[in-house]
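Everything on this sheet refers to the single structure shown next.
Values in this text are rule-based calculations from the coordinates and carry no lab data. The structure displayed is predicted, hence computed values, not measured ones. Cβ: placed from backbone, ideal geometry, glycine included. Neighbour counts: every protein chain shown.
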Amino acid sequence: MKPAITYSDQELIVMMQQGEHTGFVRMLDRYSPIVYGVILKRLQDEELAKEAVNDVFVRFWKSIGKFDANRPILPWLIVTAQNACWDQLRSKSWKMQKLLLPLDDKYNALSVDAEDDYGREIRRLMWQTMKREQAEVLELTVFQGCTHEQAAERLGWRLGTVKSRLRAALPVLRKIINDLK
């Protein structure tokens with residue numbers, strides 16, 4: 001029996017840059033469990049995590065020509081995994097937006113639509129349980145589809161404030177949705 005050949009990350013990157021798919025397969029075997037763990041911890045959803053891992057490694061393969069083989073790959077993979085999480089959360093939010101009704105301009109009166117009780121209930125609980133600032137930023141970014149920049153402009157906040165309040169509000173929204181199931 002032949003001993004297994006172990007390649008360094010640098011050797012695998014060079015192999016990939018030369019178009020050898022075996023380098024990619026070995027890199028995938030080496031790092032996909034780590035990337036999956038990081039993503040699953042953030043998303044708390046196995047299916048979304050699997051999609052995000054695929055996104056990370058597709059991005060990795062597409063950008064392999066830009067890599068310096070002498071630099072460590074894991075930090076890039078972790079940052080890309082975190083970005084993939086945000087992409088998944090935004091995508092999930094976009095899908096959720098179709099379930100929910102828009103609020104009026106003052107963010108305080110729900111439209112009445114008997115066909116969408118679930119959406120109204122999520123919003124009602126969101127406004128009851130969250131800090132007003134968190135609910136406002138969720139309303140604009142998740143339910144009305146505004147970009148972070150648009151929300152910052154409408155609310156008169158800095159962009160970093162919008163992002164940090166959104167980051168704090170998303171787990172609360174996730175809990176509200178899970179409790180309704």
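Of note:
- Arranged from fewest to most other beta-carbon atoms within 10 Å of their beta carbon, Arg132, Arg26, Arg124 become Arg132, Arg124, Arg26.
- Per the Debye calculation on the range 9-90 with a single equal scatterer at every Cα and no solvent contribution, log₁₀ I(q)/I(0) for q = 0.12, 0.13 Å⁻¹ amounts to -0.32, -0.37.
- For Ser32, Ser8, Ser164, the sequence from fewest to most other C-beta atoms within 10 Å is Ser8, Ser164, Ser32.
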